[in-house]
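To start, the structure under review is shown below, and the notes come after it.
Any read-out appearing in this document is the output of simple, stated calculations on the displayed coordinates, not a laboratory observation. Everything numeric in this text was worked out from a predicted model, so none of it was measured. When we count neighbours, we look across all protein chains shown, and the Cβ atoms used for this are built from the backbone with ideal geometry, even at glycine.
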Amino acid sequence: MKIDLHIHSKTGSDGALPVEDIFAIARDREMDFVSITDHDSLAAQEKAITLAGRYGIRYVTGIELNVTFTCPSVSGVSLDFLGYQYDIKNRELGSKLQLLRKHRELRASQILKKLNMEFAGENIKEFTPEDMANISSRVDGAFGRPHIADYLIEKGIVETRQEAFDKYLVKCDVPKYPLSLKEAAGLIRNAGGILVLAHPGNPGGTSLATISQDLNEQTGIIARYMLDYIDGIECWHSAHDAKTVSHYVEFAKQHGLIMTGGSDCHQKPVILGTVDIPGWVARQFHI
């Protein structure tokens, strides 16, 4: 069985391809079970459900929420959580996501102001409201820094997304909406879903690795401060090595947590279905 429960689309957030193209690739790669997990967005879900039925691929609703995590030992750390199997028509969830989208747009405009301050010192033409409108017109789902990075490439200011982040977007960042773990858990669970900690050991991403590289310290934080709010852990991920996978699988078993996995594919490149995820993972969802 081929599984990928962490995929981003252009339809809903910062993927390179619309959900229709993603499912065509999933069909060609003979995927059995997938989930579109766009950032703070449900935009791709109805299409994904329809396409999954058309291609005979098992599907579970998905989303990725960014949480501002705080506990006695750390404050205001950005972590990602995946929501699965929720009702896409849930009003409370839909209202909160609308608020998050508005905040993303405000954040983007504040980032552009900071970029202009950088440009002023480099004799680069400042971005105008027209530039903001041009960037917004390319966003199908949730507005994020990758959209700004792509515009910087288009304008010839940088050559790659990585350069955009390294040179400008890390320095010019603005805080995301401060969604708490308790609030995120409530939103997903009240919509009938489950909440899963995403890529906890990713050394280069939004993860517990930003707090500590030690796997025991990472799971210690989960054990002390997260178990009341999460239902599972993303054990298999494109950035997890074998040691990290084994550590998180053992931890999840000890605490009765659901275990999920995915490529975190944004189609740059298309790594859909390339993470080796055991077939029994699908059985946890009872679909």
I want the antiparallel fraction of DSSP beta bridges within the chain, as a percent rounded to 5.
50 percent
Among the aspartates and glutamates, which have Cα under 20 Å from the Cα of K96 when same-chain residues fewer than 8 positions away are ignored?
D14, D38, D40, E46, E64, D80, D87, E105, D140, E183
Would you mind calculating the relative contact order of the chain from Cα pairs under 8 angstrom and at least 6 residues apart, reporting the percent as a whole number?
23 percent
Please give the FRET efficiency for W280 paired with Q110, using the beta carbon to beta carbon distance and R0 = 51 Å, rounded to the nearest 0.05.
0.70
Most fluctuating residue of C265, C235, C71 in a GNM of the chain with Cα springs under 10 Å: which is it?
C71
Nitroxide proxy distance, nm - points 7 Å out along Cα→Cβ at M1 and Q254:
2.7 nm
Violations at 22 Å Cα threshold for listed pairs K10/K102; K2/K176; K125/K167; K10/K47; K113/K167 -> K2/K176
Express in nm, to one decimal, how much length is gained between T50 and E20 on full extension, taking 0.36 nm for each residue of separation and deducting their alpha carbon distance.
9.8 nm
Mean-square fluctuation maximum in Gaussian network of the chain, Cα pairs under 10 Å, restricted to R29, R145, R101, hits R29
If we count GluC sites (Glu not before Pro) as exposed when they sit in a DSSP loop and have at most 12 other beta carbons within 10 Å, what is the longest stretch of the chain that avoids them all?
160-287
When Lys and Arg each count +1 and Asp and Glu each count -1, what net charge do the other residues less than 15 Å away from T210, Cβ to Cβ, add up to?
-3
Sum up the charges of everything whose Cβ sits under 13 Å from the Cβ of V275, counting Lys and Arg as +1 and Asp and Glu as -1, but leave V275 out.
-3
Taking 0.36 nm per intervening residue step and subtracting the Cα-Cα distance, what contour gain separates L99 from I124 on full extension?
5.7 nm
In the neighborhood of A191, defined by Cβ-to-Cβ distances under 12 Å, what is the net charge if each Lys or Arg adds +1 and each Asp or Glu adds -1?
+2
Where a ≥ b ≥ c are the square roots of the eigenvalues of the C-alpha gyration tensor, would you call the chain rounded, which needs a/c under 1.5, or, failing that, prolate if a/b is larger than b/c, or oblate?
prolate
Please identify, among D264, D166, D87, the residue showing maximal mean-square fluctuation in a Gaussian network model of the chain using a 10 angstrom Cα cutoff.
D166
Given a cut-off of under 8 Å on Cα pairs at least six residues apart, what relative contact order in percent is computed for the range 220-276?
37 percent
Rounded to the nearest 500, what is the 222 nm mean residue ellipticity of the chain from helices alone, with -39500 (n - 2.57) per DSSP H run of 4+ residues and division by all residues?
-12000 deg cm²/dmol
Using 0.36 nm times the number of residues separating E163 and R91, minus their current alpha carbon distance, what extension gain do you get?
22.0 nm
